[in-house]
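Everything on this sheet refers to the single structure shown next.
The values are calculated or read from the model by the stated rules, or taken from the named source; none is laboratory data. Fair warning: this is a prediction, and the values are worked out from it, not measured in the lab. Cβ placement follows ideal geometry from the backbone for every residue including glycine, while neighbour counts extend to all protein chains displayed. In case anyone asks, the SASA skips ligands and DNA or RNA and just uses the protein heavy atoms, side chains included. Shrake-Rupley method; radii C 1.70, N 1.55, O 1.52, S 1.80 Å.
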Amino acid sequence: MSPRGASASVDRVLALLRAGDPGRAERIGRAVLEREPGNADAWHLHAMAALESGKLDRARASLERALAIRSDRSDYHSNLGAVLERLGDLESSLRSHERALALDRAPVDNWFNLGFILLRLGRPEEAAGRLEAARDRAPEDPEIRLNLGRALERSGDREGALREFRSAYAGANGSGAKWKDESREALRRLLGDVYPIEAAPDIRRLLLETGVSPDLGPAAAAQLRIGAPSPPDGAAAARFLAARGRLLLDYLGNVVNLDPALERVFAAARAHRLREWEAVGASEATSRAAGTEGRLTAALATQCFHNEYVWHASAEEEALLAAPAARLAHALAAEHPVDPESVAADLLLVALYRLPGALPGGERLAAIPADEWFAPIAELLRHSLHGPREDAAIARDLPVLAEVRDSTSRVVRAQYEENPYPRWISLPPGPDRDLGETLSQMFPDRSLRRDFEAVLVAGGGTGYEPLLTARRNPEAQVLSLDLSRPSLAYGARMARRLGIDNVRFMQGDLLDVAALGECFDVILASGVLHHMAEPDAGLRALAGVLRPQGVIRIGLYSERARALVATAKAAAARLGLDGSPEGVRAFRKEILERGEGELAGLLRSADFHTVSTCRDLVFHVHERRFTIPAVGRMLAAAGLRPLGFEAGRETRIRYRRRYPEDPCMRSLESLAAFEKDHEEAFAGMYLVWAEEGRGEP
């Protein structure tokens, strides 16, 4: 920013700015302006000093004076745009940056600044063009590539966005290191959907640096299945997995596998381990359990616990399993103390197929200190033995709202007490947006409250949504209400583990919510109303405890989007299968062996891959499905006014392109027409936000 023809005092102001002393720079600048009021460079530097000191209005005034003298200076316009952006006047900032670029198309910053403002204004397609020009001029700049990736992602070009995020992440070193965390988070977010083979080195590095969490599960699976044997025989599968290293162990221990190809490899390796260890004898099996084979077997057993032993086991496997199960049961029944080393191999083999704590004498395993086991076995038992025991203890002391009287609610409760739902292991990493920020971004045209003191999660299940909500809103008190005590107990245990203390758990039917004697600023009821005998009555009950100006989000199954599930239910009925673990395993075996066909879409559902979630998907005891007009009528009957639909990024992009006049996805007529042409748009659920409707809109 070295000004042409500046006086010595102006040079001194510039030197002070460069030295990081904006206060002295501003004082000297004022003195210069008293002597040289027509010096445009002096006004410009005075503005920069004021900007560095956080005096935005003064900076704006000084830049406008500079431009009144020299309107042909691109850098003046550019810096005025920066000041206006910080003042929140994005439209005026845009005009300044457009003028700066029109005057001088050479500087990288002129292209970047214009693209950045366009991105902030919600015009990602236009932003991408300017940011691409900036990238072409400075391809190593991670900030440019990060923001270009954001523009491409919001434009629907996920592959292009991934390319830019990878480059930003790789280049965020040295002076650009401050962009490392943002690049990593952008890359993590996108890798939930996109993981092309050419990105393998960068993705693997990210996974090894940050660890595998559920949001990165699909990307890790894509890495792990490279070169997988197909069809997998046991020995080939075991060799393949042995070569996968730390990434595989991290994956098996921390996420539920959702990849059918890897499931086949894992199941084949499990059967091979059982056959092999039974063949080599007790001494050799113990030696293997203590080494690398034992570490991999423990991780595989942890995965089997996470998916609730959902993989099909052949008759041969069941026959082979009888021997180690009998030996382990004998050791646990003996009067002398259990020797952890001598039972290690049998315990690992049994834990590949059964819950260790369910064995006769399983409580004796819990009494053995963790440091007496081989370390991988101690970690396995932390999940599969000690966790369920702690849940059972917590469940006994949970408060109860009222006796569940509704017959449908009692049947639904029985299902979720047998199979707590949803199955989850960890919360996604931050950064977190609180409810106020979320609502402001989704519905900028409504003046909604930003502070929320009391939140109800109706149908809170195993605590995933209540805990995520509590973590994102630390000033709020969150109540998780659910029919199932085991589900609530899991949530309470995870709250302790994660150190989240602003959430409480209570058993009860939402039909009795008025008995709480409490009202709430926000109510979240995703995936619960459609399991009620009278969903309208449930919604009216919730609306009755919503405070004035409160908001509610409901989730309801779509009639159109659940067509595949309806077909799956009919297929299961024809096969004579029920929602027992045996029925779920038999149903999944049928689908996996069939491969392609009318039910192949189930393989892409995350709910297909554990016993509890597959039961919820295909074998639920009571389920209702809705249309968008029916949702509108239901809200109106409860005295609620729609704010808009919440949907995935791809659906939002497609909808806004078709209905730009309805960016909040509020028009029920437009949404119904859109779903008619995009039947999978709401494949999870309709997620609808509404506000308490007693006041004026």
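Just a few scattered comments:
- Qualifying residue in region 325-332 (condition: closer than 20 Å to residue 582 by Cβ, surrounded by fewer than 20 Cβ atoms within 10 Å (Cβ to Cβ) and under 40 Å from the mean Cα position of the chain (by Cα)): yes
- Pair list, Cβ under 9 Å, 6 or more apart: region 216-241 residue open to solvent by less than 30 Å² (accessible area, probe 1.4 Å), other residue of a type in the set (S, T, N, Q): 216/210; 217/254; 217/257; 221/257
- Subset of region 674-697 [open to solvent by less than 40 Å² (accessible area, probe 1.4 Å) and farther than 27 Å from residue 549 by Cβ]: 674, 675, 681, 682
- Subset of region 582-617 (residues that are open to solvent by 50 Å² or more (accessible area, probe 1.4 Å), within 22 Å of residue 424 (Cβ to Cβ) and more than 22 Å from the chain's Cα centre (by Cα)): 585
- Sole exception among (1) surrounded by fewer than 21 Cβ atoms within 10 Å (Cβ to Cβ); (2) within 29 Å of residue 660 (Cα to Cα); (3) without any contact (Cβ under 8 Å) to a residue 40 or more places away in the chain for residue 180, by number: (2)
- Checked against the criterion of being of a type outside the set (A, V, I, L, M), at pLDDT 90 or above, over 26 Å from residue 569 (Cα atoms) and crowded, with 22+ Cβ neighbours inside 10 Å, region 630-650 has at least one qualifying residue.
- Residues being at pLDDT 80 or above and surrounded by 20 or more Cβ atoms within 10 Å (Cβ to Cβ) - total across region 45-59: 1
- Region 312-388 holds helices (runs of 4 or more DSSP H) entirely within its bounds, and those carrying 2 or more residues that are in contact (Cβ under 8 Å) with a residue 40 or more places away in the chain map to 315-333, 340-351, 375-381.
- Residue count, region 527-540 (criterion: surrounded by 20 or more Cβ atoms within 10 Å (Cβ to Cβ) and either of a type in the set (A, V, I, L, M, F, W, C) or not in a helix (DSSP H, G or I) (or both)): 5
- Scan of region 442-472 for residues that are under 18 Å from the mean Cα position of the chain (by Cα) and either part of a helix (DSSP H, G or I) or modelled with pLDDT under 95 (or both), ordered by number: 442, 464, 465, 466, 467, 468, 469, 470, 471, 472
- In region 309-324, the residue that is farthest from residue 611 (Cα to Cα) out of those that are of a type in the set (D, E, K, R) and open to solvent by 30 Å² or more (accessible area, probe 1.4 Å) is 316.
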